[in-house]
1. Largest first, what is the accessible-area ranking of W146, W160 with a 1.4 Å probe?
2. Can you give the FRET efficiency to the nearest 0.05 for K81 and K264, using r as the Cβ-Cβ distance and R₀ = 51 Å?
3. For E299, E174, E60, give me the order by solvent-accessible area with a 1.4 Å probe, most accessible first, ignoring ligands, DNA and RNA.
4. Please list R53, R116 from largest to smallest accessible area, probe radius 1.4 Å, with all protein chains kept in place.
5. Solvent-accessible area of H223, probe 1.4 Å, all protein chains present, reported in Å² to the nearest ten, please.
6. Return the subset of K81/K188; K81/K124; K112/K180; K32/K204; K32/K199 for which the Cα-Cα distance in this structure is over 30 Å, preserving the input order.
7. What share of the DSSP beta bridges in region 94-173 is antiparallel, in percent to the nearest 5?
8. Tally Lys/Arg at +1 and Asp/Glu at -1 over every other residue whose Cβ is under 13 Å from the Cβ of L135; what's the total?
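The values are calculated or read from the model by the stated rules, or taken from the named source; none is laboratory data. Bear in mind that the values here come from a model prediction, so they are computed numbers and not experimental data. Cβ sites come from the backbone with ideal geometry, for glycine too, and all protein chains shown count toward neighbours. Accessible surface areas use protein heavy atoms only, side chains included; no ligands, DNA or RNA. Shrake-Rupley method; radii C 1.70, N 1.55, O 1.52, S 1.80 Å.
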Amino acid sequence: MALAFHSKTMAAYGLLILITMLISSISAFSIKIVGLPGGKVESLPGMYVNSFRRWIAEEEEQSNNNDDNGEMNSCASNTIKIEPIAGAGISIDEGWVNPTSTADLFWPLDVKLQARPALNVMFKQGVLSYASPGLDVRVPHNDGSWRNYGMNSQPIARQWTSLEIAMEQMFHIESFILHKESTADDIKHTTLFDSMDIKNSMQKVATFIGEIDPLSPLNSGFHIVSFPLIDRFSDLPCPELTEDENEEIYKIVMLGTSEPFGSKLLDMDEDILTMSSTSALEVVVARTVKGKDSEYLPEPYKPLYIG
């Protein structure tokens with residue numbers, strides 16, 4: 001009887017630990033909103049963030065070769081179209097994992113990663129609410145690009161800012177790579193992408209809002225739409241291979257700020273980022289085992305990792 005009781009107690013204790021880890025993970029996944037009136041700061045818990053649908057906005061050119069009189073001309077207009085990121089949010093796609101992360105960017109050893117900077121905007125019940133820097137990551141493949149290549153493959157900012165701040169004249173996005181020097185305490189930063197203002201992207205956001213269908217899914221719940229700042233993807237710096245799995249390679253930091261020199265904010269305390277209404281995306285890039293070696297590879301990922 002004592003042994004049975006002990007086994008049940010240990011099982012309950014193990015379950016408690018698992019629940020505690022899950023709650024901690026969700027809590028760590030929460031995001032902060034700054035730049036609100038009166039210096040107010042709000043937080044969105046992980047359980048909400050984990051349900052956000054994710055979308056990529058692309059500009060499509062539509063040609064109109066005839067005028068009102070039926071004569072040929074070369075008029076063209078651009079329309080913003082959005083495509084969902086598979087598995088992001090409350091997924092209806094069987095087998096996909098949620099790729100969203102505020103802390104990590106996983107890099108399986110058997111794929112190549114490319115990225116480009118973006119402006120991310122958040123819709124809340126159909127209303128454009130907040131903005132942040134974004135990182136559009138993909139795995140180039142012979143059958144097209146893979147954005148959801150597994151867990152922690154599509155990062156979002158841990159700190160967002162209000163639209164009023166994002167529309168300031170000086171607001172821009174700066175992107176850095178932080179990596180350790182040979183000495184443990186020395187951190188060096190290099191530029192990942194050139195500094196970019198977001199005026200053109202905000203204009204695209206305005207155009208997109210004007211074209212939203214009343215039946216659009218964006219009119220219900222929380223959604224994040226990414227507007228790429230440039231068309232071209234760049235290869236992320238290739239990780240050095242070591243014997244350690246899940247090793248931290250470097251950190252990517254993207255700052256959306258009205259401060260003139262974003263690099264100076266890298267050494268500032270968290271309170272300074274909050275007071276300056278700076279939005280921050282900060283993820284650790286870590287190498288992981290090859291996708292094809294995963295014992296429980298979900299069906300949707302087999303074309304990418306197995307072929």
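1. W146, W160
2. 0.85
3. Result of the area sort, largest leading: E299, E60, E174.
4. R53, R116
5. Accessible area, nearest 10 Å²: 10 Å².
6. Going by Cα-Cα distance, K81/K188 fall outside the 30 Å limit.
7. Roughly 90 percent of the beta bridges in region 94-173 run antiparallel, per DSSP.
8. Here the charged neighbours net out to +2.
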